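First up is the structure itself, then whatever we jot down about it.
The values are calculated or read from the model by the stated rules, or taken from the named source; none is laboratory data. As the structure is a prediction and not an experimental result, all values here were calculated from the model. Using ideal geometry, Cβ is built from the backbone for each residue, glycine included, and neighbour counts are taken over all protein chains shown. Each accessible area value is taken on the protein alone, full model and side chains, heavy atoms only, with ligands, DNA and RNA left out. Shrake-Rupley method; radii C 1.70, N 1.55, O 1.52, S 1.80 Å.
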Amino acid sequence: QLQLVESGGGLVQPGGSLRLSCAAPGFTLDYYAIGWFRQAPGKEREGVSCISSSGGSTAYTDSVKGRFTISRDNAKNTVSLQMNNLKPEDTAVYYCAADPYQNRDRCDFSVEYHYWGQGTQVTVSS
């Protein structure tokens, strides 16, 4: 069973930055499309960003465009989400997810992903 592990969450001030990482010990992540999702208390989970298995395509929800960047580091077998200019509305538990069935050069965070991590808390507050 594929196990995904997120790290890098924490408490930051508005305008600050965090980098989240997703790892899967024992598995090669470049076989999967990887998505980042978030869920705030009392709200449904929403898709934030995704990267295709090849690394050639990325997508972002409108609210984070220009602020967040998703990338692969295949040498480290990780996928990262660099989050800049963080806002209070970015506060949520962030999850990485993996999907083996998407096109290798496309990604879509509107579909159901097959594997999920445990989540990492991001809190943006002054």
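Exposure check, 1.4 Å probe, all protein chains in place: Ser80 carries approximately 10 Å² of accessible surface.
The length gained on full extension between Ala75 and Thr123, counted as 0.36 nm times the residue separation minus their Cα-Cα distance, comes to 14.3 nm.
Can you tell me what share of the DSSP beta bridges in the chain is antiparallel? A percent to the nearest 5 is fine. Mind showing how you got there, number by number?
On the way: 35 of 39 bridges.
Antiparallel bridges: around 90 percent, rounded to the nearest 5.
Each Lys and Arg contributes +1 and each Asp and Glu -1, all at the Cβ; summed about the Cα centre of the chain, the dipole is approximately 260 debye. Excluding same-chain neighbours fewer than eight residues apart, the lysines reachable from Lys76 by a Cα-Cα span under 28 Å are Lys65.
Protein heavy-atom accessible surface, 1.4 Å probe, per residue over the chain: 52 Å². Computed from backbone phi, the HN-Hα couplings of region 105-120 come to 10, 9, 9, 8, 8, 8, 9, 7, 8, 8, 10, 9, x, 7, x, 9 Hz, rounded to whole numbers (Karplus: 6.51 cos²θ - 1.76 cosθ + 1.60, θ = phi - 60°; Gly and Pro given as x). Straightening the chain between Gln3 and Thr28 buys 7.9 nm, computed as 0.36 nm per residue apart minus the Cα-Cα spacing. Legend: calculated FRET efficiency, Leu11 to Glu46, from the Cβ-Cβ distance at R0 = 22 Å, rounded to 0.05, equals 0.55.
From the alpha carbon centroid of region 1-48 to that of region 60-126 is 5 Å.
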